[in-house]
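Written out below as structure tokens is the structure these notes cover.
The values are calculated or read from the model by the stated rules, or taken from the named source; none is laboratory data. Note that the structure is predicted; figures quoted are calculated from it, not measured. Glycine also receives a Cβ, built like all others from the backbone with ideal geometry; neighbour counts cover every protein chain displayed.
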Amino acid sequence: MRFQMILSAPLALLVATAAALPAQTPEPTQVQAEAQAPLVAPDAQLAEAAPATAALLADMGLYAILDVMAAEGLAAAADLEAEMFPGQGGSAWAAVVASIYAGDRMVQGFEAALPLDLLTPEVVAELGAYYDSDLGARIAAGELAARQSFLDAATEEGARDLVRQRAAEGHPRMALLTEFIAVNDLVELNVSGALNSNFAFYRGLSEGGAFASEVPETLMLAEVWGQEAEIRRDTTEWLFAYQMLAYEDLTDAEMQAYIDLTATPAGRALNAALFQGFAGLFDALGHDLGVAAAHFVAGEET
């Protein structure tokens, strides 16, 4: 159960409209202050409001995965600078991005967007018992380790190559991973989430003053929707590669047991809750990143 955010799709169409902006140099302290504003204002930390739910998420490795997602965001932001305002960001851009992906903001944003009504005491108790088991702990550890290892591009590409090899061989694990992805609707949920966060990024660019004139939302939507096929292809490849690595140490019977768990009402409730939590978080992150990037896009022209 994972969420992917893609912000590396082509931006040329919208960025080109910023060419007529007046020259200006963004004030790093101003941009950083905007970026450090809370993503949300939760009434209470999850550990206080719903301690059993917080314990379940910790046992799943969710908070450690948020740290990995922050590292992914930092790496993607470097690519964003190279594409949108090469050589213009420097230490100021790095500081802004670091504040956007700060650990406490990531946790607060996710927890505030998490629909606690889906995670009833019965659901949390059932899943908590599972992740307290040896199999559940090994699954959580494998998912976290795979996500961490994918911070290395060579490791990710190696996993993608392994998937291609096993698909060509008709390896039995491919059928199990295909079932897992289908049962949890992972391709559609991830593609939808990526498109929404990209749209939030474009809105942030517009609100931050990146464009010489107002860009209609219809144009933003058209640009985002034009990325759908590329995002779908990459998301599908990523899912198979990630899960091949994450569950490599599981037997086929253990893998099937995990699939069966995710198909239960409790498993479906958890999957829905996680995706809603991550969707809210990454929509906010995408918007904040767009607002911050707009300052540097505006300062690009000399």
_Scope region 127-173; condition under 17 Å from Glu254 (Cα atoms), of a type in the set (A, V, I, L, M), touching a helix residue (DSSP H, G or I) at 6+ places or on another chain (Cβ under 9 Å) and touching a residue at least 40 places away in the same chain (Cβ under 8 Å); matching residues_ = Leu127, Leu135, Ala137, Ile139, Ala140
*If you go through region 272-287 one residue at a time, do you hit one that is more than 25 Å from Ala146 (Cα to Cα) and at pLDDT 95 or above?*
yes
*Could you please let me know if Met244 is under 24 Å from the mean Cα position of the chain (by Cα), farther than 20 Å from Arg147 by Cα and part of a helix (DSSP H, G or I)?*
no
*Could you figure out which of (1) crowded, with 18+ Cβ neighbours inside 10 Å; (2) outside any helix (DSSP H, G or I) isn't true of Ala269?*
(2)
*Going through region 210-241 one residue at a time, which ones are crowded, with 17+ Cβ neighbours inside 10 Å, outside any loop (DSSP other than H, G, I, E, B) and of a type in the set (Phe, Trp, Tyr)?*
Trp238, Phe240
